[in-house]
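Take a look at the structure below.
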Amino acid sequence: MEESTTTTAVPPRLDEVHGLTLKAHAEIAAELAEGTVPPVDVLAKHELDEAKWNEATTQWMKYLAADVQARGAEARAPLVYSDAFAQAQGRLAEPPQISAEDYATLVAEIMAAGDPAGPLARRGWSNADYIRLSRSMATKLASDEEAHERYFHRLVHLQPKGDVQS
């Protein structure tokens, strides 16, 4: 019996859509994600309108999907996009500065609430702030054993019995 194999063609190179490279699209997406400036103004700053932005977004997202479909874990385009988005987001604002214990408290509150909206609103933080904070704390907790221990101890302490296993 013959096995059928299906291979997905590597997507053709896509350099620009409406003048936007993949990195430029990610940078504008980061600006839009901040939510501090009306989208129409962010787009106008980059000489785009909503229709061009939506078309560029559709094309770039299809390109990212095709790269993953064709290359699986070896796909590079999503990594390029993610890195460009994170770098742009980091240039737009600093992450909130909190201790490992306070981060554990935030994580516990988000887990209890089922989403970050309430805990972030109580602190006056946006989703973009939370993403920046999460990236920053992941780096800190991975490199600072003492901070990691304080974080984990607080998180375990805040969980209902039986929810966190060591």
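Descriptive notes on the structure:
- Residue in the range 56-72 that is more than 12 Å from HIS25 (Cα to Cα), under 19 Å from the mean Cα position of the chain (by Cα), surrounded by 13 or more Cβ atoms within 10 Å (Cβ to Cβ) and in contact (Cβ under 8 Å) with a residue 60 or more places away in the chain present: no
- Neighbours by Cβ (under 8 Å, 6+ apart or cross-chain): first from the range 13-25, of a type in the set (Ser, Thr, Tyr); second exposed (fewer than 15 other Cβ atoms within 10 Å of the Cβ): THR21/ASP15
- Within the set ALA9, ALA108, ALA33, ALA51, the sole residue that is modelled with pLDDT under 95 and in a helix (DSSP H, G or I) turns out to be ALA33.
- Annotation: PRO96 fulfils all but one of (1) in contact with a Phe, Trp or Tyr (Cβ under 9 Å, 6 or more places away or on another chain); (2) outside any loop (DSSP other than H, G, I, E, B); the unmet one is (2).
The values are calculated or read from the model by the stated rules, or taken from the named source; none is laboratory data. These figures come from a predicted structure and were not determined experimentally. Cβ sites come from the backbone with ideal geometry, for glycine too, and all protein chains shown count toward neighbours.
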